[in-house]
Every structure is written in structure tokens, then in C-alpha cells.
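Just so it is clear, none of the values below were taken in a lab; they were calculated from the coordinates. On a predicted model such as this, the values are computed, not experimentally measured, just so you know. Cβ atoms come from the backbone with ideal geometry, glycine included; neighbour counts cover every protein chain shown.
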């Protein structure tokens with residue numbers, strides 16, 4: 001039944017030690033203490049830390065659940081606990097059904113062996129019987145698109161070919177519960193579309209999915225519910241769009257703390273050294289759909305609004321307001337401000353809160369993008385009241401297989417004379 005709980009996680013915690021030597025010593029002493037029934041797994045010892053701390057959730061049959069969070073938040077540790085690779089120090093995990101894990105693509109691939117031979121080896125490592133591999137062999141090869149290279153040693157494969165073959169094997173598991181860790185971003189756009197299609201087919205068969213990814217559009221499109229982890233603890237659990245927006249706000253909040261206040265020289269990744277004098281504070285930035293609903297990802301061709309909440313700490317007359325979009329390689333995709341357009345912005349009073357909205361219609365190719373916001377003074381000398389280079393970090397997943405940054409949406413017409 002749809003509401004059957006297939007995974008129940010109750011208060012699991014897992015700690016690790018930063019020092020290898022201490023970790024080995026603690027491991028040996030814990031074995032002895034466990035035998036004497038005096039081991040206290042809740043207490044942290046020197047150089048230990050909680051990778052996961054008191055996390056609970058449930059997964060129901062046929063449900064897809066996302067787990068997101070910054071690096072080091074405990075996402076992969078949870079997947080390893082669910083897959084039985086490591087055991088929790090405290091708490092309980094109950095699983096009903098066969099688990100398949102897409103955690104480390106290509107684990108067990110032998111570089112000297114051919115793609116054909118590695119299909120059987122990797123399939124066995126993932127828990128498939130020889131009969132299952134034989135039955136799915138043609139489908140695996142067809143899915144990978146590597147039929148002509150099947151009898152070549154995989155040491156001669158490109159990195160893209162390698163992960164395509166590895167994912168193709170893993171995608172043909174027939175699990176009740178599928179654990180997925182960052183593997184939906186492999187290959188080119190066409191292969192990624194295949195990968196998402198394979199996940200959808202598994203869901204149609206009734207499989208439950210737990211997806212860990214930094215690719216927020218993939219989480220948004222795949223999962224109804226998402227867990228946000230922060231430093232090993234649950235920060236939020238609920239509807240996916242709310243979870244993604246909460247995560248973006250948390251990241252923005254951390255950047256505000258790091259940014260500080262008062263006059264300072266900042267090494268801006270796009271402009272180099274800039275002067276920020278204060279006088280205004282960017283409180284929050286949200287991406288909205290045209291109807292005012294919060295959006296988690298850019299949808300090409302649709303109108304969006306970048307909503308910025310600003311508090312002015314002093315009277316400011318006609319500041320320059322701007323926003324910019326740039327990619328992870330530091331390339332400016334779009335940059336506009338009111339000094340360019342000649343738009344007067346008016347007088348802003350000290351102690352008052354304002355909302356500044358920018359509306360836009362993106363046509364971008366698949367990538368991660370940063371949205372930046374600036375409030376500046378341009379006169380005899382230029383300085384910033386406030387500037388956030390990564391006010392939001394968003395993803396775009398385009399259907400286009402073109403290369404580059406901007407989706408030009410070309411149309412070809414052939415006319416015979």
C-alpha cells in the first residue's frame with residue numbers, strides 16, 4: 001500500500017574522529033568496552049564530532065524523498081547507514097524490502113577488463129544475480145549507448161563513458177528502495193534525461209527513492225518531500241519547494257554572518273577589492289514565480305521575480321540598485337543596474353524596510369548560477385552600501401543539448417531553390 005512505511009529512521013547518530021591514530025585506538029577500546037558492557041556511545045571524546053546527530057524520518061512505499069544540505073552536513077553518512085556500510089552509534093533503522101544503492105558509481109570496475117566483463121562484475125557487487133544480469137544485459141548496453149566499445153578495456157574509456165556504463169548497470173537494479181547519491185548529474189544532457197527517466201520508471205513500479213544531491217532542480221523534479229541537514233542535524237523536513245527555499249535562506253544567512261557590517265574592504269570575486277561602507281543591509285533574497293509563489297529553480301521562458309528585502313540604516317538619496325547573474329566559472333551572464341538604465345530610485349529613509357523586485361525571463365542552458373544584489377553610491381567616488389555576490393545559488397536544467405551559456409532557441413528552415 002502507498003502509505004506503508006518501508007524505511008523508518010529513529011534518532012540515529014554517528015560520530016567520527018578527526019585523528020586516524022586516535023580513531024584506531026578508540027575502535028580497539030570500544031570493542032573491549034562493548035564486551036564489558038561499559039561503552040557509552042553518546043559521549044564525545046577528544047577530536048570526535050557528530051557527523052549525524054539524532055536524525056529521524058520515515059519513507060513510504062512509492063515515495064521519493066530528497067536530502068539536501070551543505071558539504072559535511074551528514075547526507076552521505078546517512079545513506080551509508082541505510083545501506084548497511086556503517087552502523088549508527090545510537091538510534092535504530094528499520095527497512096522493509098530490497099535496497100539498491102547508487103552511491104559510488106563504478107565501484108569494483110577493473111581497468112584491464114572490458115566493458116562487457118565489468119557489467120557482470122559490477123552487477124554482482126551491486127547485488128544482482130547472474131540470471132538478472134543476463135536478463136538485463138541487452139537493456140544495460142542499449143541504455144549506455146556504448147555497444148561499439150563494449151569489448152574495449154575500460155581503462156581506455158573517457159570519464160564520461162565510464163560513468164555512463166556504471167550508471168547503466170546500477171539503473172537496472174530492481175530494488176524496493178533505491179538510495180541515490182549525486183549520480184543523476186553524470187554524462188551529457190541526453191544521458192541525464194535518460195537517467196531521470198530510469199528513476200521515474202522505478203517509481204512507477206512502486207519503488208521508493210531517497211535522493212541526495214546538490215542539484216536542486218533534480219531534487220525539485222523528483223521528490224515530493226525533502227529533509228534539510230545542517231551540521232549533522234535536521235534543520236527542516238517538509239514539502240520540497242519549501243525545503244529548497246529554506247536551504248537557500250540558510251546559506252544566505254551564513255553569508256550575511258561572514259559578510260559583517262561597517263566600513264570594510266572586501267575582495268569581491270568579480271570586481272576585486274571593493275569598499276563597502278554600510279548604510280543599507282540586504283536582509284533576504286527570494287526567487288518568485290510571476291504569480292508570487294516561491295520558486296526553487298529557474299524555469300526557462302517563464303517570468304520570474306527576484307525579491308530583495310532591504311533595510312536602510314541611514315538616509316540615502318537615489319542609490320544605484322542592481323542585480324547580476326554569474327556562473328561557477330566567474331563569467332557574468334547578465335549585469336544591470338539603475339545607473340545604466342537611468343532610472344531614478346528615490347529617497348530611502350533611515351530605519352525603514354523596503355522590497356526591491358527585479359523581474360526577468362531566463363533562457364539559460366543547464367548549469368549552476370549565482371544571483372548577486374548590489375546597492376551602491378556612484379558619484380565622484382564609488383562605493384557600496386551593501387553587496388551580496390551569492391545572494392542565491394540556483395540551478396537551471398534545460399532540455400537543450402546545445403553547449404554554452406544562453407539558450408538561443410534556434411529554429412532552422414531549409415528552402416529548396
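Helix 240-259 axis versus longest C-alpha principal axis of the chain: approximately 60°, rounded to the nearest ten.
Relative to the present Cα-Cα distance, how much length would full extension add between residue 268 and residue 92 at 0.36 nm per residue of separation? Please list the in-between numbers first.
On the way: separation 176, 0.36 × 176 = 63.36 nm, distance 4.62 nm.
Full extension of this stretch gives 58.7 nm more.
Inverting the pair-averaged 1/r between distinct Cα atoms of the chain gives 24.5 Å as its Kirkwood hydrodynamic radius. Arranged from fewest to most other beta-carbon atoms within 10 Å of their beta carbon, 5, 141 become 5, 141.
Diffusion of the stretch 117-217 by Stokes-Einstein, at 4 °C in a medium of 1.567 mPa s and with Rh set to the Kirkwood radius over alpha-carbon pairs, works out to 92 µm²/s.
Note on the stretch 365-417: Cα-only Rg and Dmax are 19.3, 61 Å.
In summary, the stretch 260-396 shows an alpha-carbon radius of gyration equal to 1.04 times the 2.2 N^0.38 Å reference for compact globular proteins.
Cα centroids of the stretch 364-384 and the stretch 63-123: 40 Å apart. Between helix 115-125 and the chain there is an angle of about 80 degrees, using the helix long axis and the longest principal axis of the Cα atoms. For the chain, the longest principal axis of the Cα atoms and the long axis of helix 159-171 meet at an angle of about 60 degrees. Residue 85 versus residue 148, label points 7 Å from Cα toward the beta carbon: distance in nm? Distance between label points: 3.5 nm. The residue 224 and residue 71 beta-carbon pair, evaluated with R₀ = 22 Å, returns a calculated FRET efficiency of approximately 0.30.
Annotation for residue 293 and residue 5: the two label points, set 7 Å from Cα along the Cα-Cβ direction, are 3.0 nm apart. Here the stretch 5-240 has an Rg and Dmax of 19.3, 60 Å, counting Cα atoms alone. Between residue 311 and residue 284, the modelled labels are 1.3 nm apart [label points 7 Å from Cα along Cα→Cβ]. Relative to the 2.2 N^0.38 Å rule of thumb, the stretch 61-146 has a C-alpha radius of gyration ratio of 1.34. Could you tell me what % of all Cα pairs in the stretch 332-402 have separations over 20 Å? More than 20 Å apart: 45 percent of the Cα pairs in the stretch 332-402.
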